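In what follows, a structure is listed as structure tokens, so that the remarks can point back to it.
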Amino acid sequence: MTSATPFLLPVLLVAGVWFVAVLDGALADRAAGYGSGARRALSRTGREAARLLVAQRRTTLAADGLLRWAGVLALIVAAVLAAGVVPLGWEAPADLSVGVVWFNAMEVVAWAAVWLVGWGPNSALSLTGGYRFVAQGLSYELPHMFAIITAALGAGSLRMSDIVDAQADVWFAVWMPAAFAAYLLSATAMAFWGPFDAPVGRDVAGGAAGELSGVDRLLFEGGRRLLLVAAAAVAVPLFLGGGHGPWLPAWAWVLVKTLAVLALLVWVRHRLPVLRMDRWSEVSWIVLLPLTMLQALAVALVVLARGGGGQ
Amino acid sequence: MTLALFTALALLAIASGVLVFVVDSMARATFALLVSFLAVAAMVLLTDLLYLGAVIILMMIIEMVVMAVFMIMYMMNPAGLMPMSMFHNTRGAAVICGLLFAGLSAGIFLADWPERRGTRPEDPTLELGTALMEGHMLTMMTLGVTLFSTIVATVVLATGRGRYDRLGDRLDAGHPDDPAGGGVGR
């Protein structure tokens, strides 16, 4: 499996995107009262993708097509590169010694990507969506950094496989619940998903994605779900014990846990209303940030008490 | 291979740096500059300084996206949507840049570079952290507090609304008078 993992990664990511799309569609159908249309949800993703592939592309006046394309591509590339440090089983396609920082660096590419996609079409509403995402990013980024650094602190390493090894007995989600909760919130916000989808909200006519059509829209929506899959997959080595678990092999546990996190994120999207930027900013800075700092402090004290400071 | 990559990245960094002054849109200028920074970050990654490289990527993207907001806000053309020029005081700038470039290049060749003593450490990130935090802890702490107080002072000086505006002259208002509501319900 080792030599195959780099090639397996894109396949798994696309499968994850398909899982998200199908589950999302099924939940939307249920909410709309179509009953149990599992087959409908299964086929709709393919039909929608095919429709977008053949659809004619809409253009706007004096659009900056280059920047829009750069944004759409950056979103996809960043999501794939971010997922590269996730151990699929015990080995990651790229098990960097600074895996946590690498994931963080790739995931902020979304800031530039969404802003560029919002700027590109030369349209006020889509630009509003782009700016909303920057405001959202400034709010979630610090709690997010504290959350992932807390996991690295608990393991004494920035390498994903070391963090997984440190969870052989107890998952980090168990003794770092605040960091895990902050991570899940910020992972949702990062993919502007669920309660955090104001950047592509209906109140701004689709926001950053409002003027996208055809292939552009397919790639952007796909890239956004890719980012969600990557963020959910990283939650597994950071907080949910990676491949650790009884009976099943490691790769199966990683898969099961990732799908469980994804299912939770998709379900939450249909349960909670959209959060307004001004409300979210204050909650993030006044509640979440001190909470994650206290969590990091508590974990640091535990690590020191165990005598784990220096190496 | 490494040399070819290094050269390609160096050329990309210079070319996108030049593009900043060639393009006629503030957004393109900002992101051309970002590409230049990212090429430099990739060069740092090439030297196996993974942590520094990843942090440069992280910082530069956040920084340039925030910069994009401000650069577009403060440009002379409304909203930055109209064509603009990045050139001001071209002759003076050319002289200053030429002198600076010559000086720095001369420095490269004239400086007495130290030879490597010992071998490359197993984990450069750990060595960097130790170097920064062990012997120079006092410097880092002073630096951190100074930076933090500068930020606080700047915000205090710049803000148009202080606590008296929010809570009344006697600071006894039960509910602060804020233009935008927050989520904590204060």
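The values are calculated or read from the model by the stated rules, or taken from the named source; none is laboratory data. All of these numbers come straight from a predicted model, not from anything done at the bench. Cβ atoms come from the backbone with ideal geometry, glycine included; neighbour counts cover every protein chain shown. All accessible areas refer to the heavy atoms of the entire protein, side chains included, with ligands and DNA or RNA removed. Shrake-Rupley method; radii C 1.70, N 1.55, O 1.52, S 1.80 Å.
How high is the relative contact order of chain A, in percent, counting Cα pairs under 8 Å that sit 6 or more residues apart? All intermediate terms of the calculation are to be shown ahead of the outcome.
Working: 527 pairs, mean separation 77.2, N = 311.
Answer for chain A is 25 percent.
On the Cα set of chain A, report Rg and Dmax in Å, please.
When restricted to the Cα atoms of chain A, Rg and Dmax are 19.5, 63 Å.
Taking the Cα centre as origin and putting +1 on Lys and Arg beta-carbons and -1 on Asp and Glu beta-carbons, what dipole magnitude results for the protein assembly as shown, to the nearest 20 debye?
Values: 31 positive and 32 negative charges, 287 e Å.
Dipole size: approximately 1380 debye.
Mind telling me which of A:V229, A:V170, A:V85 comes out most flexible in a GNM of chain A, alpha-carbon contacts under 10 Å?
In this elastic network of chain A, the residue with the biggest mean-square fluctuation among A:V229, A:V170, A:V85 is A:V170.
Using a loss threshold of 40 Å², tell me which positions in segment A:107-124 are less accessible in the complex than in their chain alone. Probe radius 1.4 Å, ligands and nucleic acids ignored.
Those residues are A:V108, A:W111, A:A112, A:W115, A:W119.
Could you tell me how far the Cα centroid of segment A:50-128 sits from the Cα centroid of segment A:272-305, in Å?
Measuring centre to centre over Cα atoms gives 26 Å.
Between A and B, buried accessible area summed over both sides at probe 1.4 Å, in Å² to the nearest 100?
Accessible area lost upon association: around 2500 Å².
Under a 5 Å amide H to amide H cut-off, with H placed in plane at 1.01 Å, what residues pair with A:E91 once short-range neighbours are removed?
HN-HN under 5 Å from A:E91: empty list.
Once phi is turned into θ = phi - 60°, what whole-Hz ³J(HN,Hα) does the Karplus curve with 6.51, -1.76 and 1.60 give for every residue of segment A:264-277, x standing for Gly and Pro?
Taking θ as phi minus 60°, the curve returns 4, 5, 5, 5, 4, 4, 8, 9, 10, x, 5, 8, 6, 4 Hz for segment A:264-277.
Which residues of segment B:44-64 end up with at least 20 Å² less accessible area in the presence of all protein chains than when their chain stands alone, using a 1.4 Å probe?
Going by heavy-atom accessible area, the residues of segment B:44-64 that drop by at least 20 Å² are B:L50, B:Y51, B:A54, B:I57, B:L58, B:I61, B:I62.
What does the C-alpha gyration tensor say about the overall shape of chain B? Classify as rounded when a/c is under 1.5, otherwise prolate if a/b is larger than b/c, or oblate. Before the final figure, lay out each step's value.
Numbers: a/c = 2.26, a/b = 1.37, b/c = 1.64.
Verdict is oblate for chain B.
State the percentage of accessible surface on segment A:5-305 attributable to carbon and sulfur atoms; use a 1.4 Å probe and exclude ligands, DNA and RNA. List each step's numbers first, then the result.
Values: 8620 of 12240 Å².
About 70 percent, which is the carbon plus sulfur part of the accessible surface.
Per residue, how much accessible area does the protein assembly as shown have with a 1.4 Å probe, in Å²? Mind showing how you got there, number by number?
Values: 26460 Å² over 497 residues.
Ligands and nucleic acids excluded, the result is 53 Å² per residue.
Against the longest principal axis of chain B, how steep is helix B:2-22, in degrees 0 to 90 to the nearest 10, with axes from Cα atoms?
On a 0 to 90 degree scale, this one is about 50.
Output the residues of segment A:36-79 meeting this criterion: accessible area (heavy atoms, 1.4 Å probe) in the chain alone minus accessible area with all protein chains in place is 10 Å² or greater.
Buried by the other chains: A:D64, A:L66, A:L67.
Please report Rg (one decimal) and Dmax (integer) in Å for the Cα set of segment A:164-217.
Rg and Dmax of segment A:164-217, Cα atoms, are 17.2, 50 Å.
Given a 1.4 Å probe and every protein chain left where it sits, what share in percent of the accessible area of segment B:123-167 is carbon and sulfur? It would help to have the intermediate numbers written out before the result.
Values: 2690 of 3650 Å².
Answer for segment B:123-167: carbon and sulfur cover 74 percent of the accessible area.
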